Amino acid sequence: MERLNLLLADDDSDDCLFFEEALAEIAPDATIQVKKDGEEVLNYLFNPQSILPDIIFLDLNMPFIDGVKCLEEIRQSNRMNDIFIVMNTTTASQREIDLSFEKGANLFLIKPNSFSELQNSIEVILNLDFKTLIQRRQREQFVFNLKSFRGTFNS
Amino acid sequence: MVSQIINPPAKILLVDDREDNLMSMESLLQPAGYQLVKATSGKQALKVLLNQIDFALILMDVQMPNLNGFETALLIYEREKLRDIPIIFITAHNQEEAQVFKGYKIGAVDYIYKPVNPDLLRAKVSVFIDLYQQKRLLKLQEQRLSIINNNLEAEVKERIQSEEKVRNLNLQLIHNIDKLEEANKELDRVAFMASHDLQEPLRKILMFNDRLFEQLKETLNEESISYINRIRLTATRLQQLIKDIMTFSKISAEKGEFVSCDCGKLLIETLNEMGDIIKEKNAQIKIDVLPELFGNPNLFRPLFFNLINNALKYSKKNVPPEIKIYAERHSALSPETELKNTDKYHRIFIEDNGIGFEQKYSDQIFMMFKRLHHKNEYEGTGIGLALCKKIIEEHNGFITAKSAPGEGSTFIISIPVKEPAPQLETASSLKNN
């Protein structure tokens with residue numbers, strides 16, 4: 001696996017902890033930036049000195065600037081066109097899923113209920129062919145499902 | 001109408017100091033059917049008039065001792081109530097004397113000169129009596145009209161009042177409906193928000209439980225491992241419960257637009273999602289040709305999911321579940337509704353060979369949290385069928401169940417037939433080309 005740069009945006013410190021622990025076990029080489037809200041995310045990304053991540057995990061419900069707003073800002077910048085964006089939430093409504101797809105997210109991940117599922121999900125996602133998926137966004141394969149994604153995309 | 005009113009005999013007061021004169025007047029007037037009252041002096045006449053005032057006419061001799069006729073008349077007319085009674089004076093004197101009285105005249109007065117001509121007397125009396133009767137009738141009529149008028153006024157007033165009341169009640173009703181709808185929406189919102197906010201800590205409990213187990217699993221004894229598993233099971237059950245409540249509360253909010261849905265396709269999609277449990281139960285599912293249903297596919301999916309899930313869940317031990325799904329077109333639920341209701345319904349039957357239940361519970365099973373079994377026997381939150389019912393009701397349909405213990409159950413959903421809009425058909429035929 002090539003060295004990946006991740007950016008995680010989540011105001012929930014427990015979820016950040018789970019994510020970092022899971023990531024440490026499956027991809028110890030990967031680097032991760034953790035941001036607590038949308039504003040922090042945008043400040044980081046729009047700072048020319050920052051190293052842009054390969055993949056961003058954006059929590060939907062964050063204070064100040066929420067996930068969708070953040071997504072919109074990112075997608076308006078040509079510089080960040082090829083960042084793979086995964087929207088993240090505990091419970092999703094159809095409206096949130098539709099909106100995220102419409103605003104240009106690449107994947108919608110409903111936070112798993114077990115640690116092993118979280119690990120497996122992150123592992124499968126990190127192994128996706130980002131370039132192809134960014135070019136060909138498909139509505140049917142927008143909501144992440146561990147079983148079907150593992151079969152289709154695992155390299 | 002006037003002629004139909006029966007007149008009581010008119011009353012006439014005869015005043016003369018001479019009995020024989022009274023007698024002769026009486027015999028002249030009696031045949032006409034008048035009621036005659038006699039007085040032999042002015043004083044007696046006044047006395048009579050103290051008690052009776054309903055005279056149509058007074059015939060009075062002018063020449064009487066003590067009070068003569070004119071003086072008596074003046075005293076009579078001093079009383080307001082008697083002023084309308086006409087007086088015919090019977091006098092031997094010429095007209096000039098009578099003119100003197102005219103100065104005081106208040107009521108209607110006439111004169112008959114002695115010797116009395118019987119025909120003239122009868123004629124004059126008859127004219128006055130007729131006048132009196134007509135006046136009386138007019139008065140009656142007027143009274144009647146005024147009563148009718150009053151009644152009408154009262155009626156109109158009452159009607160306006162009741163209209164006002166109805167209007168107020170209507171407003172109150174509309175207000176109450178608004179309030180109810182608002183409260184309902186608020187409830188749904190609260191349920192949705194609460195469920196959403198409850199999911200997060202629950203997910204974390206599960207996660208921390210996992211982490212704990214991962215880190216301690218080498219050192220834990222069997223009992224401790226079982227506790228940790230129970231934490232996971234309990235939290236998972238709570239999660240399912242919250243999820244179900246959330247789905248339930250979202251139905252009204254997410255009713256969305258109705259479209260024509262391929263029922264068979266929706267069902268197959270649902271079955272594909274349920275692949276694991278169907279395989280695990282070794283279930284046989286037969287689907288007949290199903291109609292297009294008019295509604296929201298996002299609501300039909302959980303409907304089918306819950307009905308099939310139910311059929312799988314309540315299967316007999318060691319008997320592989322067999323589920324048949326078939327449809328009947330254009331019939332109402334029962335003979336009564338067919339008679340009353342011309343609306344056509346699509347009926348879809350979901351029939352299983354499971355444990356069934358007693359028919360008397362067929363209403364209860366659709367109520368939220370109603371269960372016919374202990375929690376340990378069969379999993380579930382007690383929301384599934386309530387959800388189905390709510391979904392069907394959002395589509396103006398109804399759901400019923402037929403069952404007997406040990407003989408399987410059949411759930412029947414009836415949804416109004418609505419032909420798809422013509423544009424939709426063209427759109428799909430274009431697609432086919």
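Values for this structure:
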read-out	value
Test for residue A:46: is it touching a helix residue (DSSP H, G or I) at 6+ places or on another chain (Cβ under 9 Å), more than 14 Å from every other protein chain (Cβ to nearest Cβ) and touching a residue at least 12 places away in the same chain (Cβ under 8 Å)	yes
Candidate set: region A:78-98, residues that are at pLDDT below 90 and away from every other protein chain (no Cβ under 14 Å); chosen: the one most open to solvent (accessible area, probe 1.4 Å)	A:78
Leading residue by the ranking (surrounded by the fewest Cβ atoms within 10 Å (Cβ to Cβ)) among those in region B:199-215 that are of a type in the set (A, V, I, L, M, F, W, C) and under 16 Å from residue A:110 (Cα atoms)	B:202
Subset of region B:208-249 that is touching a Ser or Thr at 6+ places or on another chain (Cβ under 7 Å) and within 11 Å of chain A (Cβ to nearest Cβ) - its residue that is modelled with the lowest pLDDT	B:246
Filtered residue count, region A:99-116, keeping only those that are facing another protein chain (nearest Cβ under 9 Å) and closer than 18 Å to residue A:8 by Cα	3
Residue, nearest to the other protein chains (Cβ to nearest Cβ), within region B:291-322, restricted to residues that are over 18 Å from residue B:386 (Cα atoms) and open to solvent by less than 10 Å² (accessible area, probe 1.4 Å)	B:295
Hey, residue B:270 closer than 30 Å to residue B:282 by Cβ and away from every other protein chain (no Cβ under 12 Å) or not	yes
From the options B:260, B:252, residue that is outside any helix (DSSP H, G or I) and either open to solvent by less than 70 Å² (accessible area, probe 1.4 Å) or within 11 Å of another protein chain (Cβ to nearest Cβ) (or both)	B:260
Lone qualifier among B:185, B:157, B:165 - being away from chain A (no Cβ under 14 Å), closer than 27 Å to residue B:242 by Cβ and open to solvent by 100 Å² or more (accessible area, probe 1.4 Å)	B:185
Any hit, region A:49-68, residues being on the phi < 0 side of the Ramachandran plot, open to solvent by 10 Å² or more (accessible area, probe 1.4 Å), in contact with a Phe, Trp or Tyr (Cβ under 8 Å, 6 or more places away or on another chain) and away from chain B (no Cβ under 14 Å)	yes
Test: residue in region A:108-130 that is buried (at least 18 other Cβ atoms within 10 Å of the Cβ) and of a type in the set (Lys, Arg)	yes
Residue match in region A:36-45 (condition: over 19 Å from residue A:88 (Cβ atoms) and open to solvent by 20 Å² or more (accessible area, probe 1.4 Å))	yes
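Each row is one residue, and each column tells you yes or no for (1) assigned to a helix (DSSP H, G or I); (2) within 22 Å of residue B:88 (Cβ to Cβ); (3) among the hydroxyl-bearing types (Ser, Thr, Tyr).
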{"residue": "B:112", "(1), (2), (3)": "no, yes, no"}
{"residue": "B:115", "(1), (2), (3)": "no, yes, no"}
{"residue": "B:124", "(1), (2), (3)": "yes, yes, no"}
{"residue": "B:127", "(1), (2), (3)": "yes, yes, no"}
{"residue": "B:133", "(1), (2), (3)": "yes, yes, no"}
{"residue": "B:140", "(1), (2), (3)": "yes, no, no"}
{"residue": "B:148", "(1), (2), (3)": "yes, no, no"}
{"residue": "B:153", "(1), (2), (3)": "yes, no, no"}
{"residue": "B:156", "(1), (2), (3)": "yes, no, no"}
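The values are calculated or read from the model by the stated rules, or taken from the named source; none is laboratory data. What you are looking at is a predicted structure, and each value in this text was computed from that prediction instead of being measured. Counting neighbours? That spans all protein chains shown, and the Cβs are built from the backbone with ideal geometry, glycine included. Areas reflect the complete protein model, heavy atoms only, side chains present, ligands, DNA and RNA absent. Shrake-Rupley method; radii C 1.70, N 1.55, O 1.52, S 1.80 Å.
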